[in-house]
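Presented below is the structure to which this report refers.
None of the figures in this text is laboratory data; all of them are computed from the coordinates on show. Source: prediction; values computed, not measured. Backbone-built Cβ (ideal geometry, glycine too); neighbour counts: all protein chains shown.
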Amino acid sequence: MGKSRSFRALWALEEAGIEYEYVAVEFASNKNNGAQSDAYRALNPQGKVPTLVDEELVLTESGAILNYIASSSSNLHLIPSNDLKLRAKYDEACYFILTELEQGLWTNGKHRFALPEERRVPDILPTADWEFNKAIKALQTFFDGEDYLVGDEFTMADVLLAHTLNWAESFKFTVPEKLLTYKNKMYYRTACKKSLSVIE
Ligand SMILES: N[C@@H](CCC(=O)N[C@@H](CS)C(=O)NCC(=O)O)C(=O)O
């Protein structure tokens, strides 16, 4: 599950300095450790990852998980909390990544390997590519790859963006050089390297 959206949660936990137990699950399997097992689907009805369990709280959706981790952290910079306008820009950036930027990638992944074979439509792949390029162009109108995505500090929006750009690179999508440099800088952070070592 290393390259999956679970990595966002792991990286966020490391940035937040919160202790955690990482439980790997196997995609599309209904074995004991399977994402489609009854036990796992009781937590995450679609049998997807990530899922965060904190005592009685069960959270799915990587964006919500990141915000919860950031708000639980003693590192107060991970999510803008006392500047309403900065928080609005943070939300805008996160929603953009989750609903626009990653969609072309996910469409590509679903129609190449993630969906059941009979549901895949290979003809959609060039459109997924086109949609990703359109979203990358839009991203460049408000972020040029310098420093951080929102405000002057590293936030969870950087976790989302860097992970999504890494995903794009591994799927061989075209990512502008400056954004790749930004992504590499984010992946060089101690917390990111620690989370990579958890899944390797
Ligand atoms: N919107 C969800 C998407 C979760 C998702 O689709 N996860 C993928 C892995 S990155 C998954 O579990 N796929 C397995 C499947 O679709 O059966 C989130 O951001 O957490």
- Query: Can you list the trypsin sites (Lys or Arg not before Pro) in region 22-62 that are in a DSSP coil and have 11 or fewer other beta carbons within 10 angstrom?
  - Reply: Lys31
- lysines within cross-link reach of Lys31: Cα-Cα under 27 Å, excluding same-chain residues under 8 positions apart? Lys3, Lys48, Lys110
- Message: Please give me, ordered by residue number, the GluC sites (Glu not before Pro) of region 15-86 that lie in loop per DSSP and have at most 12 other Cβ atoms within 10 Å.
- Response: Glu19, Glu21, Glu55, Glu56
- Mean residue ellipticity at 222 nm from the helices of the chain, using -39,500 (n - 2.57) per DSSP H segment of n ≥ 4 over the full residue count, to the nearest 500 deg cm²/dmol? -16000 deg cm²/dmol
- Item | Sites matching chymotrypsin sites (Phe, Trp or Tyr not before Pro) across region 7-47 that sit in DSSP coil, with at most 14 neighbouring C-beta atoms within 10 Å | Tyr22, Phe27
- Note on the structure: In whole angstrom, the spacing between the Cα centers of region 32-94 and region 110-127 equals 28
- Item | Cβ-based net charge around Lys137, under 12 Å, with every Lys or Arg adding one and every Asp or Glu removing one | -1
- For the chain, what value does the Rg/Rh ratio take when both radii are computed over Cα atoms and Rh is the Kirkwood radius, given to two decimals? 0.96
- Task: Name the residue farthest towards the positive end of the dipole of region 38-97 from the options Ile97, Ser81, Tyr40, assuming +1 on Cβ of Lys and Arg, -1 on Cβ of Asp and Glu, about the Cα centre.
- Result: Ile97
